[in-house]
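In what follows, a structure is listed as structure tokens, so that the remarks can point back to it.
The values are calculated or read from the model by the stated rules, or taken from the named source; none is laboratory data. If you're wondering where the values come from, they're calculated on a predicted model, not measured in any experiment. Cβ placement follows ideal geometry from the backbone for every residue including glycine, while neighbour counts extend to all protein chains displayed. In case anyone asks, the SASA skips ligands and DNA or RNA and just uses the protein heavy atoms, side chains included. Shrake-Rupley method; radii C 1.70, N 1.55, O 1.52, S 1.80 Å.
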Amino acid sequence: MRSMLTATLIFVAAGAPALAQMSGTAGVTGVKPKPVTTIPIRPALQTPADTANAMAQAERLALQSDLAWVGQYNGAITGEVSERMVAAIKEFQRARGGKQTGVLNPQERGVLAETAKRRQENVGWKIVTDPGTGTRLGIPTKLTPQQTSDASGAKWTSSTGTIQVLLARRKEANPTTAKLAEREKKEPGRNIDYTVVKPDFFVLSGLQGLKKFYLRGAFKGDEVRILTILYDQATENTVEPVVIAMSSAFNPFPSGAQLAGPPPRKTVEYGTGVVVSDDGAIVADRQITDGCLAITIAGYGNADRLAEDRDHDLALLRIYGARGLKPLGLTDGAAKSTVELTGIADPQNQGGGAAVSSVKAAVAQVGSGGDLALSPAPAVGFSGAVALDGDGKFAGLALLKPVVVAGPPNATPAAQAVLVPADTVRDFLKANGVNTAGSSADARAAAVRVICVRK
């Protein structure tokens with residue numbers, strides 16, 4: 001090693017004069033070398049984008065969200081740094097009379113956060129979970145205090161209808177965001193001025209009639225979920241900052257669940273109803289009769305839905321002008337260890353027929369809340385079936401409920417059956433003015449098929 005190092009040093013020393021001669025002056029005896037000017041290398045100035053990129057992801061998300069709330073930023077809240085985000089910071093600084101650096105100092109950041117917080121409070125901003133789908137979304141509850149929902153989605157509106165928030169769900173075979181976007185563009189009255197299509201979501205905005213609209217949609221398996229915000233142009237200054245926040249808060253399929261709620265209801269669905277009065281009152285399953293364009297009682301014609309009990313999923317229907325009805329006497333029975341369920345199975349389960357049938361089911365209490373489970377669950381179509389105890393007395397109403405299970409997105413949910421106790425059914429009917437003094441004990445004669453037709 002020592003000999004190699006020595007050889008290297010000798011080579012460098014010997015080569016130095018030759019290198020100096022090649023430089024033109026330093027190698028000539030008696031000639032003074034020209035001084036070499038050294039230019040210091042300064043580090044490049046850090047740009048606003050560099051500063052933002054140095055932040056934690058959570059800080060960038062919060063910054064974009066706050067800028068959106070004060071009306072300076074109208075991009076997607078992703079945490080990604082962009083020219084639009086830097087421009088929004090400069091615009092916020094300009095509006096406050098500050099120097100437009102594109103980087104917020106601690107005082108400016110505090111003012112921005114406080115201003116955004118006040119704006120959120122002014123509109124009643126809340127992150128909510130839609131119980132029907134499990135979708136998480138942000139709702140300006142003070143702007144849209146009125147809420148309704150059915151099997152196909154939910155709706156939040158202002159008292160005058162000037163602002164509307166619609167959450168829709170539907171089944172679609174082999175969807176893609178491109179196909180979904182094209183379908184939504186073709187909705188009557190829509191003029192599109194902005195479109196974004198990504199593999200996992202799409203966004204449209206423009207005019208729908210006289211209202212401005214913003215739409216964001218996504219899918220998982222064959223389930224499509226779409227958020228649409230409609231608002232009068234006069235409310236634009238108030239609503240548009242909220243629209244950006246709502247779009248970014250929209251989580252149609254929260255992780256960890258196959259579907260966070262029951263699947264969409266069928267276009268045509270069958271259930272069972274029980275005639276409870278001579279004048280055509282029928283008690284049935286609320287969910288079976290939700291979102292129907294028409295409700296038909298087989299053999300009698302159309303029915304109106306007059307009342308509902310959302311806590312116990314009961315619905316009161318009425319048919320008019322019907323004769324020969326045999327209302328069931330709701331005698332004071334009790335759900336003991338077993339009951340007999342009398343209902344009408346779905347046509348697909350009986351070769352297209354409409355026969356009334358009866359099955360046995362065991363009754364078990366679930367938890368400490370008094371809920372009663374039935375096992376085994378009866379066939380589809382039995383939801384709303386009458387339950388009689390061992391003495392043939394009215395013990396309650398059987399309802400079928402889908403259960404979300406772990407599995408692939410297109411898995412078919414299992415079903416469970418629950419028993420709504422007799423007292424609960426009687427109290428519901430009494431509260432809605434139904435005289436339940438029927439004397440018939442013939443459950444088969446009182447059972448009717450309920451048909452719901454949806455879009």
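If the requirement is being in contact with a helix residue (DSSP H, G or I) (Cβ under 7 Å, 6 or more places away or on another chain) and over 28 Å from residue 253 (Cα atoms), which of these qualifies: 138, 102, 110? Let's see the steps before the verdict.
Working: 138 fails: over 28 Å from residue 253 (Cα atoms); 110 fails: in contact with a helix residue (DSSP H, G or I) (Cβ under 7 Å, 6 or more places away or on another chain).
Among 138, 102, 110, only 102 is in contact with a helix residue (DSSP H, G or I) (Cβ under 7 Å, 6 or more places away or on another chain) and over 28 Å from residue 253 (Cα atoms).
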Of everything in the range 310-348, what is more than 18 Å from residue 297 (Cα to Cα), assigned to a strand (DSSP E or B) and either at pLDDT 90 or above or acidic (Asp, Glu) (or both)? Give them in sequence order. 339, 340, 341
Determine which single condition residue 118 fails, assuming it passes every other condition in (1) in a helix (DSSP H, G or I); (2) under 20 Å from residue 239 (Cα atoms); (3) open to solvent by less than 30 Å² (accessible area, probe 1.4 Å). (3)
For the list (1) open to solvent by 20 Å² or more (accessible area, probe 1.4 Å); (2) under 16 Å from residue 55 (Cβ atoms); (3) in a loop (DSSP other than H, G, I, E, B), I need the number of the one condition that residue 102 fails. (1)
Residue 293 vs. criteria at pLDDT 95 or above and in contact with a strand residue (DSSP E or B) (Cβ under 6 Å, 6 or more places away or on another chain): no
Hits in the range 396-408 - residues which are modelled with pLDDT under 90, of a type in the set (A, V, I, L, M) and touching a strand residue (DSSP E or B) at 6+ places or on another chain (Cβ under 8 Å): 400, 403, 405
Residues of the range 121-136 being modelled with pLDDT of 90 or more and open to solvent by less than 70 Å² (accessible area, probe 1.4 Å), in sequence order, are 123, 124, 125
Please list, ordered by first then second residue, the pairs with beta carbon atoms under 7 Å, 6 or more apart or interchain, first in the range 90-114 and free of Cβ contacts under 8 Å to residues at least 12 places away in the same chain, second assigned to a helix (DSSP H, G or I). 98/108; 99/93; 100/90; 100/93; 100/94
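Restrict the check to the range 242-253 and report whether at least one residue is assigned to a loop (DSSP other than H, G, I, E, B), at pLDDT below 95 and open to solvent by less than 20 Å² (accessible area, probe 1.4 Å). Break it down into steps so the answer makes sense when it comes.
Step one: of the range 242-253, the residues assigned to a loop (DSSP other than H, G, I, E, B) are 250, 252-253.
Adding the requirement that they be at pLDDT below 95 leaves 250, 252-253.
Narrowing further to those that are open to solvent by less than 20 Å² (accessible area, probe 1.4 Å): 250, 252.
Among the residues of the range 242-253, at least one is assigned to a loop (DSSP other than H, G, I, E, B), at pLDDT below 95 and open to solvent by less than 20 Å² (accessible area, probe 1.4 Å), which makes the answer yes.
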Single match in 173, 168, 154, 218 (criterion: in contact (Cβ under 8 Å) with a residue 24 or more places away in the chain and over 18 Å from the mean Cα position of the chain (by Cα)): 173
Of all residues in the range 180-202, which are within 19 Å of residue 230 (Cβ to Cβ) and touching a helix residue (DSSP H, G or I) at 6+ places or on another chain (Cβ under 6 Å)? 192, 202
Subset of the range 349-367 that is surrounded by 12 or more Cβ atoms within 10 Å (Cβ to Cβ) and in a loop (DSSP other than H, G, I, E, B) - its residue that is modelled with the highest pLDDT: 354
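Residues to consider are 212, 186, 198; find the one that is within 25 Å of residue 267 (Cβ to Cβ) and without any contact (Cβ under 8 Å) to a residue 60 or more places away in the chain. Don't jump to the end; show me each part of the working.
On the way: 212 fails: within 25 Å of residue 267 (Cβ to Cβ); 198 fails: within 25 Å of residue 267 (Cβ to Cβ).
186 is the lone residue from the list that is within 25 Å of residue 267 (Cβ to Cβ) and without any contact (Cβ under 8 Å) to a residue 60 or more places away in the chain.
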Mind telling me which of the residues 301, 370 ends up being surrounded by fewer than 17 Cβ atoms within 10 Å (Cβ to Cβ), within 38 Å of the chain's Cα centre (by Cα) and modelled with pLDDT under 90? 370
Taking the range 33-77 and keeping only residues that are part of a loop (DSSP other than H, G, I, E, B), modelled with pLDDT of 75 or more and under 30 Å from the mean Cα position of the chain (by Cα), one is left with 56, 70, 71, 72, 73, 74, 77
The one condition in (1) of a type outside the set (Asp, Glu); (2) in a strand (DSSP E or B); (3) closer than 28 Å to residue 131 by Cα; (4) open to solvent by 70 Å² or more (accessible area, probe 1.4 Å) that residue 173 fails to fulfil: (2)
